[in-house]
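Read-outs: derived from the displayed coordinates by stated rules, not from any lab. Remember, it's a predicted structure, so these values are computed and weren't measured experimentally. Positions of Cβ are generated from backbone atoms using ideal geometry, with glycine treated the same way; all protein chains shown enter the neighbour counts.
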Amino acid sequence: MREKKAVSAETFLCIGAIILLFSYVGSVMGVSQMFDTIMNTAHGLLLDTVFFIMAVSVITGAFSSLLAEFGVIALLNKLISPLMRWLYGLPGAASLGILTTFVSDNPAILTLTKNKKFMDYFKEYQVPALCNLGTAFGMGLILITYMIGQGGKGIVSATVCGFFGAVFGSIISVRLMLHQTSRYYHVDRAELKKDRSVKGKTHDEPRQVYGKGVERVFNALLEGGKSGVGMGLDIIPGVLVICTLVMLLTFGPGTDASGAAVYTGAAYEGVGLLPKLGELLSPVTGILFGFQDPSNIAFPITSMGATGAAMALVPPMLQSGAAGLNEVAVFTAIGMCWSGYLSTHVSMMDALDKRIFIKAAVFSHTIGGLCAGIAAHYLYLAVQMVLNLLH
């Protein structure tokens, strides 16, 4: 740990940054409305998001503990290890993390990390990558169902292209993360090659069993559920602080009774800075993602903070013609892969007790999400080309 002077140049840089941020936001929203929105957003996140995640975590924690107790995780590790090692360089047990986050949200994988039987399958350098793996599949089922629900010809194939784009992005994100963590822990090439080999031995130690029959079931459910409560408490600081800031810079004003845009101090209002900055990148995004309208950038930018909020942007874009099936594919890939990672990565790495890798996790996942969108765009073009040839 390095010692620094009580007052240094960074002290004044910090003060300057805080003054600049609040001056800008306050000048747009109004000082009173700004503080009202910050407090209301944090309160809303606590009630609507954190407690919801905690509830999901309790259920997934109980479920995963039950699976671990009766050897299902061990079975998954044996059956899927070759595929998981080849794709991600992780043991087969990591597939359970994909499943739990796909049907719920990013932090659900943290519940698994509280389970010692689950963590026994992972080496120390592999643990931080679970944050990237879980985030890449967070809200996947909800997002895919929502996109298909928009209806229209070709919507299913576009969404499927988006799903596989997200899988590709997840591989990039996890591999980049493992590259950085393996260097930090000084893992040699021989060990890395062994961990990634599809012929590598799977971890299959005898399980310790406590109690009998129904007693084991209830013990597993209650202990797993208890770990979910702990995880829900661990993520509160990160979600409330980081997510409030991201939403403040992402969303726009509210509306009054007449429908006019106005700042009311309500939760989830903001200055819309990030989408405006994203419009400057529209020439590049047209090549990478095939976006047909500058406003399309709002979805990936918003997905950085909250995919659930970004989903609300899709129907108006489709109805106005600003987005088409290609955009649906790209939105699905980026929305699923990024899944609000700026809002959750810090708190997730904190809960994993791996704060030192926060920058690495964010960098890796940023690249992974971009690769997901690019892959979805060109996969959709390839599918359309094949369909046109067949017809």
Checklist outcome for this item: Here, residue 350 and residue 39, labelled 7 Å along Cα→Cβ, have an inter-label distance in nm of 2.2 nm
Item to check | 18 Å Cα-Cα threshold exceeded, pairs from 114/354; 117/359; 116/193; 78/114; 123/226 | outcome: 117/359; 116/193; 78/114; 123/226
Checklist outcome for this item: Rounded to 0.05, the calculated FRET efficiency for the beta carbons of residue 86 and residue 288 at R₀ = 25 Å is 0.40
Item to check | Residues in segment 104-126 reached by a label modelled at residue 192 [backbone nitrogen below 19 Å; 7 Å Cα→Cβ] | outcome: 122-126
Item to check | Extension gain from residue 183 to residue 320, taking 0.36 nm per residue of separation minus the Cα-Cα distance | outcome: 44.5 nm
Item to check | Inter-probe distance in nm under a simple model that places probes 7 Å from Cα toward Cβ, at residue 257 and residue 70 | outcome: 5.8 nm
Next on the checklist: Per 0.36 nm of contour for each residue apart, how much would the distance between residue 119 and residue 11 grow if the chain were fully extended, relative to their Cα-Cα spacing?
Outcome noted: 34.9 nm
Next on the checklist: Restricting the calculation to Cα positions, tell me the Rg (one decimal) and the Dmax (whole number) of the chain in Å.
Outcome noted: 22.1, 72
Next on the checklist: Going by amide H atoms built from the backbone, whose H comes under 5 Å of the H on residue 262, apart from near neighbours?
Outcome noted: 254, 255, 256
Checklist entry - Tell me, what is a quarter of the convex hull surface for the C-alpha atoms of segment 260-391, in nm² with one decimal? => result 10.2 nm²
Item to check | For segment 25-120, the fraction of alpha-carbon pairs in successive 10 Å shells from zero, as % | outcome: 15, 34, 21, 14, 11, 5
Checklist outcome for this item: Between the modelled labels at residue 21 and residue 48 (7 Å from Cα along Cα→Cβ) the distance in nm is 2.2 nm
Checklist entry - What full-extension length gain, to one decimal in nm, is calculated for residue 359 and residue 390 as 0.36 nm per residue of separation minus the Cα-Cα distance? => result 6.5 nm
Item to check | Local electrostatic count, residue 319, Cβ distance below 15 Å [Lys/Arg +1, Asp/Glu -1] | outcome: -2
